[in-house]
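These notes are about the structure you will find just below.
The values are calculated or read from the model by the stated rules, or taken from the named source; none is laboratory data. On a predicted model such as this, the values are computed, not experimentally measured, just so you know. Glycine also receives a Cβ, built like all others from the backbone with ideal geometry; neighbour counts cover every protein chain displayed.
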Amino acid sequence: MLCAATAGCSDLDEPGQGLTRNDLVADLAAQMTSAADLTYEANYQLSGGEKATVAQTRKPARTAYVYPGGKVTVTADATTECRTAKTTTCTLTAPATPASPAPATVFAGAGQSGLIHPATVLALLNAAVLDNDVQVEQHDTTIAGRHATCVQLAGVDDAAARDFTTCITNEGVLGSFDGILGRTRVEVAMTHYSEEVEEAMFELPKSAKLVDRRGR
């Protein structure tokens, strides 16, 4: 088990402990939710040694996901998915809003590459909060120079992954994830974190073919 080999673990069920397993998971979910207000750029290593980047700015509000074979940008102008094959094609759809977020299909390419969307991890944590029988083991660590809290969860009901381990930094950014989604093992680990974001993260490839489906 994770705690048996890791220093800093605690049994969340011990009498006198003020924090329950559900409280801990709820706190991590709240941290991830608050990360929507951050400006940051995080690099990740994926299964097989591939690399990906997630970048976000607060003003203006926009996000970019760069992964093997593609890129997704979410800005006030459009949600854009670029896929690289023999040529690069970028498809622009209506911009996301709080009432109408970007559809999950836009991130299908990212998922196929091995990059898990932070919103997926948040949904898994929220499912665990509602499950009183979930098994939780916790420890603290440092990932890419950032302090993070890690949980190993087992037996999560009504979730895309019943068993997984994830680490969330104090800022609420995904530090790592290891679990099986759709019968595929997903392993993601942050390798670098910066509070500065390059403008190029939100630019589309100059040679890309653009397909505008915003219905303007």
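Can you tell me how many residues within segment 186-216 are over 22 Å from Thr84 (Cα atoms) and without any contact (Cβ under 8 Å) to a residue 60 or more places away in the chain?
Qualifying residue count, segment 186-216: 1.
Answer yes if at least one residue in segment 185-206 is of a type in the set (D, E, K, R), under 16 Å from Val54 (Cβ atoms) and surrounded by 13 or more Cβ atoms within 10 Å (Cβ to Cβ), and no otherwise.
yes
Keeping to segment 160-199, report how many residues are in contact with a Leu (Cβ under 7 Å, 6 or more places away or on another chain), among the β-branched types (Val, Ile, Thr) and at pLDDT below 95.
Qualifying residue count, segment 160-199: 0.
Pick from Gly155, Gly109, Gly145: which is farther than 30 Å from Thr91 by Cα, touching a strand residue (DSSP E or B) at 6+ places or on another chain (Cβ under 7 Å), of a type in the set (Gly, Ala, Ser) and modelled with pLDDT under 95? Let's see the steps before the verdict.
On the way: Gly109 fails: farther than 30 Å from Thr91 by Cα; Gly145 fails: modelled with pLDDT under 95.
Selected residue: Gly155, the only one of Gly155, Gly109, Gly145 that is farther than 30 Å from Thr91 by Cα, touching a strand residue (DSSP E or B) at 6+ places or on another chain (Cβ under 7 Å), of a type in the set (Gly, Ala, Ser) and modelled with pLDDT under 95.
Here's a check for you: in segment 68-94, which residue that is surrounded by 21 or more Cβ atoms within 10 Å (Cβ to Cβ) and of a type in the set (D, E, K, R) is farthest from the chain's Cα centre (by Cα)?
Selected residue: Glu81.
Which of the residues belonging to segment 135-180 are touching a residue at least 40 places away in the same chain (Cβ under 8 Å), surrounded by fewer than 20 Cβ atoms within 10 Å (Cβ to Cβ) and assigned to a loop (DSSP other than H, G, I, E, B)?
Result: Ala144, Gly145, Ala160, Asn170, Glu171.
Search segment 77-98 for residues that are touching a residue at least 12 places away in the same chain (Cβ under 8 Å) and among the hydrophobic types (A, V, I, L, M, F, W, C) and pair each with any residue that is outside any strand (DSSP E or B) and crowded, with 18+ Cβ neighbours inside 10 Å when their beta-carbon atoms are under 6 Å apart and the residues are at least 6 apart or on different chains.
These pairs meet every condition: Leu92/Ala78; Ala96/Ala102.
How many residues are under 26 Å from Ala76 (Cα atoms), over 14 Å from the mean Cα position of the chain (by Cα) and among the hydroxyl-bearing types (Ser, Thr, Tyr) if we restrict to segment 100-149?
Selection size over segment 100-149: 2.
Hey, could you check segment 116-130 for residues that are free of Cβ contacts under 8 Å to residues at least 40 places away in the same chain and surrounded by fewer than 20 Cβ atoms within 10 Å (Cβ to Cβ) and say which is farthest from Ala189 (Cα to Cα)? Before the answer, list the steps.
Taking segment 116-130 first, the residues free of Cβ contacts under 8 Å to residues at least 40 places away in the same chain are 119, 123, 127, 130.
Filter once more, so that each one left must be surrounded by fewer than 20 Cβ atoms within 10 Å (Cβ to Cβ): 119, 123, 130.
Working: Ala119: 16, Ala123: 19, Leu130: 26 Å.
Applying the filter and picking the extreme gives Leu130.
Here is a check on your reading of the model: is Thr33 surrounded by fewer than 17 Cβ atoms within 10 Å (Cβ to Cβ), among the polar types (S, T, N, Q) and free of Cβ contacts under 8 Å to residues at least 12 places away in the same chain?
Values: surrounded by fewer than 17 Cβ atoms within 10 Å (Cβ to Cβ): yes; among the polar types (S, T, N, Q): yes; free of Cβ contacts under 8 Å to residues at least 12 places away in the same chain: no.
No; evaluated as a whole, the condition is false for this residue.
When you check Ala55 against the structure, is it touching an Asp or Glu at 6+ places or on another chain (Cβ under 7 Å) and among the small types (Gly, Ala, Ser), yes or no?
Values: touching an Asp or Glu at 6+ places or on another chain (Cβ under 7 Å): yes; among the small types (Gly, Ala, Ser): yes.
When the stated conditions are applied, Ala55 passes them.
Any chance you could count how many residues in segment 67-95 are of a type outside the set (S, T, N, Q) and within 18 Å of Leu38 (Cα to Cα)?
Residues that pass the stated criteria total 2.
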